[in-house]
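Rule-based calculations on the coordinates, nothing more; no lab input. Source: prediction; values computed, not measured. Cβ: placed from backbone, ideal geometry, glycine included. Neighbour counts: every protein chain shown.
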Amino acid sequence: MDSLMSAEKAFMADDKKDIPIQGMQPELATQETQDTETASPQSQALVIEVDDITWEKAVEKTSTPVAVMFYSPSCAFCHQMEPYFRNYAEEYKEQVVFARLNIMTNPWTAERYGVRSTPAFKFFCNGKPVREMVGAVYPALLKKMVDEVLINGKECARNSTTINYDITGYG
């Protein structure tokens with residue numbers, strides 16, 4: 001009976017602290033998950049949360065380049081990429097605005113920009129999308145993309161055609 005109780009406790013343990021990652025020692029496994037999940041309070045404040053209502057002001061009407069992470073709360077890969085996204089927000093805080101959009105609560109903006117899976121990273125210059133990456137990519141690729149947008153993004157946005165997104169009801 002005691003062995004059955006101890007087996008139940010093992011399966012009912014806290015989902016992040018007590019379950020060792022396969023092939024790692026338990027103390028190393030919990031340390032690694034804590035390192036990737038915690039972000040400094042500064043980096044948390046640097047990533048703004050946008051929604052369908054604040055999207056235009058935060059992304060389309062700004063002259064600063066914007067990196068947007070389209071995510072879903074139930075997406076495991078989104079949780080995997082978020083610490084890196086927050087670290088880059090801290091690193092590039094003077095040059096790029098970093099924002100997140102929950103596609104579950106803001107479907108209109110996600111549909112408008114063709115987001116069909118998460119995480120999706122889109123980069124905007126002068127309110128126009130200039131680059132895009134989808135999925136749990138290597139963090140170095142995400143950083144390289146930010147660097148490329150800083151170098152080439154404004155020129156690309158200047159050369160693109162302006163689209164009027166006003167919804168009037170007349171086709």
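Some notes on this structure:
- Amide H contacts of Thr54 (H built 1.01 Å from N, in plane; Pro and chain starts excluded): no residue 5 or more places away or on another chain comes under 5 Å.
- Going from the fewest other Cβ atoms within 10 Å to the most, the residues Arg86, Arg131 appear in the order Arg131, Arg86.
- Tensor-based shape of the stretch 43-159 (alpha-carbon gyration tensor, a/c under 1.5 rounded, otherwise prolate or oblate): rounded
- Spacing of the two label points (7 Å from each Cα toward its C-beta) at Tyr113 and His79, in nm: 2.4 nm
- Length added when fully stretched, Glu60-Thr105, from 0.36 nm per residue minus Cα-Cα: 14.3 nm
- Between Val134 and Phe121, the built amide H atoms are under 5 Å apart, and every one of these is 5 or more places off in sequence or on another chain.
- Listed pairs Lys57/Lys143; Lys61/Lys144; Lys61/Lys93 exceeding 21 Å between Cα atoms: Lys57/Lys143; Lys61/Lys144
- Cβ-based charge dipole, the stretch 43-159, positive-most Cα from Tyr84, Ile53, Val115: Val115
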